[in-house]
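Working notes, beginning with the structure itself.
The values are calculated or read from the model by the stated rules, or taken from the named source; none is laboratory data. What you see is a predicted model; the values in this text were computed from it and never measured. Glycine also receives a Cβ, built like all others from the backbone with ideal geometry; neighbour counts cover every protein chain displayed. Calculation scope for accessible area: heavy atoms of the full protein, side chains included, ligands and nucleic acids excluded. Shrake-Rupley method; radii C 1.70, N 1.55, O 1.52, S 1.80 Å.
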Amino acid sequence: MMTSAQIRQSFLDFFRGKQHTLVPSSSLLPDSPNLLFTNAGMNQFVPIFLGQRQPDVTRWASATPALDTRAADTQKCIRAGGKHNDLEDVGLDTYHHTFFEMLGNWSFGDYFKKEAIQWAWELIVEIWKFPPQRLYATVYQPDPALGDPASRDQEAWELWAELFRKAGLDPSVHIVNGNKKDNFWMMGDTGPCGPCSELHVDLTPSGDTGGALVNKGSAECIEIWNLVFIQFNANPDGSFSPLPAQHVDTGMGFERVCSIIQGTRNFEEFSNVRISNYETDVFRPIFDELEKLSGKHYASTLPQQTATGQYVAITPQEQLDVAFRVIADHIRTLSFAVADGIQPGNTDRNYVLRRILRRAIRYGRILGFREPFFYKLVPVLSRTMGDVFPEIRSRQAFVEEVLKREEVAFNKTLDRGITLFNDEINRLQGAGSTAVSGAFAFQLYDTSGFPLDLTELMARERGFSVDTAGFEILMDQQRARARAAQKKEIIELSQIETILPTRFVGYDALSTAASVVEVVSVKNKTAVILDVSTAYAEMGGQIGDSGVLEAGADYWQVTHTTKSGPVWLHFIEGDHAPALGQNVSLFVHTDRRRSVERHHSVTHLLHWALHEVVSKEASQKGSFVGTDKLTFDFSSGPLSQSQLHDVEQLVNERVLENAPVFWRELPFTEVKKNQAILQFFGEKYGDIVRVVQVGGTSDGLNGYSMELCGGTHVRSTGEIGLFRIVSEGAVAAGIRRIEAVAGLPAYHSSVAENHRLKALAALAGSPLSDLERKIETLLQNQKDLEKALKAAQQREASVAASRLVTQIETLSNTPVIIAEVHDVTGEALQDIADALKGHFEGVVFLASAHAEVVSLVATVSPSFTGRFAAGKLVQTAAPIVNGKGGGRPDTARGAGKNSSAIPQALASIRQLISG
């Protein structure tokens, strides 16, 4: 039985054998502004169908080229939100998905119906071995009463009829007519269009329904392949005219094909089998991981239809199995969307993803998950699908980070929202009502982040409906308020209207409730001003905090925080922003803040240690405090290795001491009298200043390190963990800079350094403990070899010089040696010229070609430099060999690239000397 990977590859290999260029899946972020997501295999080929682009698929990135007029691929698709929306049905049946793969082949003005139909039959029947008696083809038959366009697709009927007859089957039974709804494809109201022909499979135990179930919505007879024949243009007046070039666009549901082949065990069993997309090795690895994480078991049960026609999971196992299917589907949608650069958000396609993710998280509660779990499924996709979609593997860590962040945020309000919902349902049941009000649905949306469809889902499970019209009225009112408080575009920060200072409470807390005071756009970036904030605004060398702003269903990433005067600016991702006056919650990213605090507090210890080891005059001239490093600029001369070691050791001793860190606000008039508190000359301080103290007691200014500082810090030095100096060097005259790391970055630095040492030891063939001695030995051996090599080169140069002495010529009463020395380097050529000096008085000009480089050397004895300058000789010959050079009157060198011009260059020197 073929695996899903083999089925996919078999399809691609088949069409590669038919001279199709294999192209990679396009991104789920479509080029068309009218689409939320890429929802069909043909999306990336639309410009070719419209004649806006010539077929050029062989030149597409990562394509496996064949013909430009033929293409095949497997395309990632999402159908959720907008016109095509399968979200509500996911989990309730065997085949609906929000994410799926579409296998397809295309012809751009190349082959048409005959080849498309014959190849479809060849792959399905002859290669994959589908039983032909279970296959049914549909062709277009217009219904005049409905005003269907064009005429019957007799050509497709005859092509199918020939294939069925060869299989001993009656075409009148196995070819089914379909009207415009089922068998005529249109890109839009106008534009390219044409009839389509579908292949359906009868999955009943006997397989003898005679086509009665085709296009009847039965799971026992499903469509697996749609062949679209684009041959007309729909005109604005309603007429249809033939296209100058005819195209083929086909789409096969990958998961459906896998379910049939694997569900019937290669068509050997049709009785007592379950044909389900979820009963394949596409989904089984996800189920396996979910079972391991949850301790629950997937049993493949399906919900039953109620009297109202809805499918509702009743038994505990049905509820578990629906949750398994929903989560398995949704992790594929979210993971591949995020990998393609589409993140959950507050508007448009981004909000569709957030709705899907929150739906999955809620179903996670049914499996018993209370902590983030969803992101833990991403490695399964990376492992099972990364070969065909490499982006999920290369961006795995990023996808996990985004999903975990979203899950953590929704977990904060999910349980409270579920409690509110259950209380409301109990109240309504007591009142004899079965309808959840729009006002309550909006309350869940606004306060607990419940998308409307999630509330509808939960209501449907309890037999209730939701007043969606009432909900939309309240949503429209909220949108109107948001529009009335549009963010203001400012050019300079001085244009900010807010004058009340932001109240910063982030020294003692990392989250707070706040109100939106103003929203501004600064250089195309949106910033939110709050009345109160826990986010540290960038100043004093310390970077600003990042975090999350939440307000009901809305959620914004705060990328960084700065200040303008007394006002804090919280910059957020995207254009959508909370409304003026809206109540929000701000959460600072804890891990990031803690890393910054470690680096800031250790900067104070570094400053103190420099005073202890180097000089009290080593005063701070600037600093940077980030998440992964610090830099500290100070006035001093260069530090010795011994001083750097002592500084690093002293800081780490204070870290191990785990001394307390205190801060307090005091009048500046009191502080400036205390010489033990570091104050920086030129800084402007307010009437009240903040003193950060390391060591000592909380009730006295008696620490060994005390500085005026507005930054955030650890509570005790032990939180720093580890301190390492990375580098020390000059940044200006009299100013040195130390770069250092603390905490995990320091640990990672140590580990990386240890790995490098071990790698060097392995290269040197030495135990790590003997590496220094081994390197000393190797360096001495290298010196000895270099000395021996130099002596050998000099001997060779002397021999070559002796040969050249026999080639002395006299030109214009000047002894000369003008020669080409074959295949030596420029250095060797110089050695030869030097060796000639003791045996020859006159002009020497040598040339050689080695490793595609032409070397030129000229020497002129002192008694001849009045007539000929070596530099002039090289400058004459170098351009001839496409090079340049120069030097002194007695010696010069040059280099070029054209070795074939060496004879010409030597001739030019002879001519120059001959006069």
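Descriptive notes on the structure:
- Every pair of residues 6+ apart whose Cβ atoms lie under 9 Å, when the first sits in region 711-727 and is free of Cβ contacts under 8 Å to residues at least 40 places away in the same chain while the second is of a type in the set (D, E, K, R): Ser727/Arg737; Ser727/Glu739
- Residue within region 105-116 that is assigned to a loop (DSSP other than H, G, I, E, B), over 18 Å from Gly251 (Cα atoms) and either open to solvent by 40 Å² or more (accessible area, probe 1.4 Å) or modelled with pLDDT under 95 (or both) present: no
- Check on Glu88, closer than 30 Å to Val312 by Cα and open to solvent by less than 10 Å² (accessible area, probe 1.4 Å): no
- Identity of the residue in region 422-444, touching a residue at least 24 places away in the same chain (Cβ under 8 Å) and in a helix (DSSP H, G or I), that ends up most open to solvent (accessible area, probe 1.4 Å): Ala439
- Scanning region 826-850 for residues that are farther than 16 Å from Gly894 by Cβ and open to solvent by 10 Å² or more (accessible area, probe 1.4 Å) turns up Asp831, Asp834, Ala835, Lys837, Gly838, His839, Phe840, Glu841.
- Restricting region 851-873 to residues that are over 56 Å from the mean Cα position of the chain (by Cα) and among the polar types (S, T, N, Q), the residue that is surrounded by the fewest Cβ atoms within 10 Å (Cβ to Cβ): Ser863
- The number of residues in region 4-22 being open to solvent by 50 Å² or more (accessible area, probe 1.4 Å) and touching an Asp or Glu at 6+ places or on another chain (Cβ under 8 Å) comes to 1.
- Candidates Thr447, Thr468, filtered to the one that is within 19 Å of Leu87 (Cα to Cα) and surrounded by fewer than 17 Cβ atoms within 10 Å (Cβ to Cβ): Thr468
- Of the strands (runs of 3 or more DSSP E) lying entirely inside region 127-190, those containing at least 1 residues that are over 15 Å from Phe232 (Cβ atoms), at pLDDT below 95 and in contact with a strand residue (DSSP E or B) (Cβ under 7 Å, 6 or more places away or on another chain) are 175-178.
- Residue within region 660-678 that is open to solvent by less than 30 Å² (accessible area, probe 1.4 Å), touching a His at 6+ places or on another chain (Cβ under 6 Å) and outside any loop (DSSP other than H, G, I, E, B) present: yes
- Restricting region 163-176 to residues that are open to solvent by 80 Å² or more (accessible area, probe 1.4 Å) and out of contact with any helix residue (DSSP H, G or I) (no Cβ under 8 Å at 6 or more places or on another chain), the residue that is nearest to Val214 (Cα to Cα): Ser172
- Residue in region 257-287 that is surrounded by the fewest Cβ atoms within 10 Å (Cβ to Cβ), counting only those that are outside any loop (DSSP other than H, G, I, E, B) and among the polar types (S, T, N, Q): Gln262
- Residue match in region 762-784 (condition: within 36 Å of the chain's Cα centre (by Cα) and either more than 30 Å from Val505 (Cα to Cα) or β-branched (Val, Ile, Thr) (or both)): yes
- Only one of the listed residues (Glu155, Glu126) is charged (D, E, K, R) and either open to solvent by less than 10 Å² (accessible area, probe 1.4 Å) or out of contact with any Lys or Arg (no Cβ under 6 Å at 6 or more places or on another chain) (or both). That residue is Glu126.
- Qualifying residue in region 221-229 (condition: open to solvent by 40 Å² or more (accessible area, probe 1.4 Å), of a type in the set (Asp, Glu) and assigned to a loop (DSSP other than H, G, I, E, B)): no
- Failed criterion for Tyr704 (all others in (1) surrounded by fewer than 18 Cβ atoms within 10 Å (Cβ to Cβ); (2) more than 42 Å from the chain's Cα centre (by Cα); (3) over 20 Å from Val647 (Cα atoms) hold): (3)
- The set of residues from region 554-581 being within 17 Å of Tyr351 (Cβ to Cβ) and either in contact with a Ser or Thr (Cβ under 8 Å, 6 or more places away or on another chain) or open to solvent by 30 Å² or more (accessible area, probe 1.4 Å) (or both) comprises Gln557, Ile572, Glu573, Gly574, Asp575, His576, Ala577.
- Within the option set Gly710, Gly734, being open to solvent by 10 Å² or more (accessible area, probe 1.4 Å), touching a strand residue (DSSP E or B) at 6+ places or on another chain (Cβ under 7 Å) and at positive phi holds for one residue only, Gly734.
- Residue within region 341-348 that is surrounded by 15 or more Cβ atoms within 10 Å (Cβ to Cβ) and among the charged types (D, E, K, R) present: no
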